[in-house]
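Have a look at the structure below, then the notes.
The values are calculated or read from the model by the stated rules, or taken from the named source; none is laboratory data. All of these numbers come straight from a predicted model, not from anything done at the bench. Backbone-built Cβ (ideal geometry, glycine too); neighbour counts: all protein chains shown. All accessible areas refer to the heavy atoms of the entire protein, side chains included, with ligands and DNA or RNA removed. Shrake-Rupley method; radii C 1.70, N 1.55, O 1.52, S 1.80 Å.
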Amino acid sequence: MQRRTFLIRLAAGVAASQLPSAQAARGGLRYLRPPGAQDESAFVANCIRCGKCGEVCPNRSIQFFGNENGFASRDTPYIIPREQACILCMKCGEVCPTGALARIPREAAPILAKVDMGKAQVNEDLCLSYQGKTCGVCYRACPLQDVAIRVQRLEQPVVSDACVGCGLCERSCIQLPQAIRVIPRHVTV
Amino acid sequence: MSRSDAKRHLLLRRQLNKLRWLSLSLVFVTLVLLPLLSIYQNYTAAHAYDLLEPGQKQLYDVMEWLTGAFTDDPATDLNAVKGTTWSASLFGYKISDPLAVVSQIAASLTLYWPFVLTALVPLVASMLLGRIYCGWICPATFLYELNDNLGSWLRRAGIQLPDRVLWRPLKYLVLATGLVLAAITGSVVTAAIYPPAIIGRELYYGIALGGFGAGAVFFLLTLLFDHLVARRGFCRYLCPGGALYSLLGRFRVLRIQRDVANCNDCTKCNAACQFGLDPMGDGFGQECNNCSACISACPTDALLFKLRINDLPAQGPGHLGHAYRKQRHVSRDENQAA
């Protein structure tokens, strides 16, 4: 291989690793910010990418962006609820130095008042309970049972406005693809 | 070896560079250890020892052996030490890199005092001690110095590596550009081009999350830059944090100074200085990171840490050297002639 071709390929490879991928352009990534996060733009401006939120996360829910969500949110934390949902332990807010993640005590009232990662949405065409097969797994997985999610006859789930979007329902849904999904706050806005 | 020689070798200043290496290594080892402890904490939090793979069990056992003496509840207690040199939590106190604070202010255009205060200790330390962070703590310096040693071996093996002299204030331009870009994009972009922040993060990604990220590529490029453009080039010419620390340390109190009466012009200090400064000509300036390599290299103990606000003006050739004696003879001859 000639030196010039080698250098050009090296430069192309480096550029590819440093630039946003096509997925970001399609907007195909559905991710949550950790609990207590400020709105998306303030969060990106305040997060210094220290990674402590991920380090203290006992459930290993928090991952970090490469370039797939654009350069601006590189190295910021996110959660894919279907892979590993948030257990609302609120440790990430404790270690966040900049207030990008608010410090919220681990009690039902402040969590309901301040955490807003998104809101779960049931797809009745996929949900087993709505299809006549009693399931109710999402209801049982919910840490805010009977507040964020209720069940009707045949364990059909109904999500209320109190839902904080932790994603444990989506994580536990036994249907493939999942019949309940968290719609992130920054998408619904 | 005479007795006075033996005594001199035991002097602390001869060991300063080793002490500094100890400090750099400790920081780096800690940065490797923290992700491992984080994994261990996840295992303990999950009460899942029985479900672990053999390799994971080994990690669990080693970490338990390391921490067992200090804690009965690792899942909670080990959260006492978290983070990297970019921003860390130490036993309830948070401490952050001043560059992190400046960048966060630029990106968000707000002052969040609890965060600003976390940079107070490093800020004061840099104002008093100069680029002490660069020389004694920075995990990137640890790798850059190893990389520089590799460069020396390559040179010795006959491979020509350039050491261009670039425009030194370039790094201040990088710092300014980084902050302006942070303000424009509303995102802490300096975090992506600041090696110690990258190292801390990438070690965590690589060890705990199972793969290095895009920052690792950038860091490898800076290693190449040091070989292909200028020795320790990134620290000297491009590092935004180094620029900030240089500015903060402009009026530092702790400086290395040359005792001209003991200097014999051997140039070992200039060769030891990876930053390409001129200790033998009293040229330290705000770039000097007080690393003490020149002090340890000096065979006549002519370089010392001093408490001074300013560098000495150039003092001319050392009094133990040829040049100075020649000068003296010339002036004596002139006196006799007159």
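Ranked by solvent-accessible area (1.4 Å probe, protein heavy atoms only, all chains present), the residues B:Trp21, B:Trp65, B:Trp167 order from largest to smallest as B:Trp65, B:Trp167, B:Trp21. Buried surface between chains A and B: roughly 2900 Å² of accessible area, summed over both sides, computed with a 1.4 Å probe on protein heavy atoms only.
Share of the protein assembly as shown's accessible area from carbon and sulfur, percent, 1.4 Å? The C+S portion of the solvent-accessible surface of the protein assembly as shown is 62 percent. Within 13 Å, Cβ to Cβ, of A:Arg49, how many net charges do the neighbouring residues add up to if Lys/Arg are +1 and Asp/Glu are -1? Charge balance near A:Arg49 sits at -1. Rounded to the nearest 20, the Cβ-based charge dipole of the range A:27-184 about its Cα centre (Lys and Arg +1, Asp and Glu -1) stands at 240 debye. Under a 5 Å amide H cut-off, with hydrogens placed 1.01 Å from N, B:Leu303 pairs with B:Asp259 among residues at least 5 apart or on other chains. Model label points for A:Gln121 and A:Glu83, set 7 angstrom from Cα along the Cα-to-Cβ axis, are 2.2 nm apart. Here the relative contact order of the range A:27-184, from alpha carbon pairs under 8 Å that lie six or more residues apart, stands at 25 percent. Pairwise Cα distances in chain A exceed 31 Å in 26 percent of cases. Going toward the positive end of the dipole of the range B:1-147, with +1 on Lys and Arg Cβ and -1 on Asp and Glu Cβ, which of B:Val32, B:Ala119, B:Leu59 do you reach last? So the residue furthest toward the plus end is B:Ala119.
GNM on chain B, alpha-carbon springs under 10 angstrom: the most fluctuating residue among B:Gly55, B:Gly210, B:Gly242 is B:Gly55.
Count Lys and Arg as plus one, Asp and Glu as minus one, and take only other residues whose Cβ is under 13 Å from that of B:Met63; the net charge is then -2.
Test of understanding: extend the Cα→C-beta vector of B:Val330 to 7 Å, then name every residue of the range B:253-294 with backbone N under 18 Å from that spot. Only B:265 pass the distance filter. Near A:Ala37, the amide H atoms lying under 5 Å from its own belong to A:Ala102, A:Asp116; only residues 5 or more places off or on other chains count, and H is placed 1.01 Å from N. Distances between placed amide hydrogens fall under 5 Å for B:Ile256 paired with B:Lys306, all partners being 5 or more residues away or on another chain.
Across B:Gln104, B:Gln327, B:Gln257, mean-square fluctuation computed from a Gaussian network of chain B (C-alpha pairs under 10 Å connected) peaks at B:Gln327. Mean-square fluctuations from a GNM of chain B, with a 10 angstrom spring cutoff on Cα atoms, peak among B:Glu53, B:Glu287, B:Glu64 at B:Glu53.
In the protein assembly as shown, the DSSP-assigned H stretches of four residues or longer account for a calculated mean residue ellipticity at 222 nm of -14000 deg cm²/dmol, using -39500 (n - 2.57) per stretch and the full residue count as denominator. Net charge dipole, chain B: roughly 1460 debye, given to the nearest 20, about the Cα centre with Cβ charges of +1 for Lys and Arg and -1 for Asp and Glu.
For B:Val32 and B:Leu224, the difference between the fully extended length at 0.36 nm per residue and the C-alpha to C-alpha distance is 66.8 nm.
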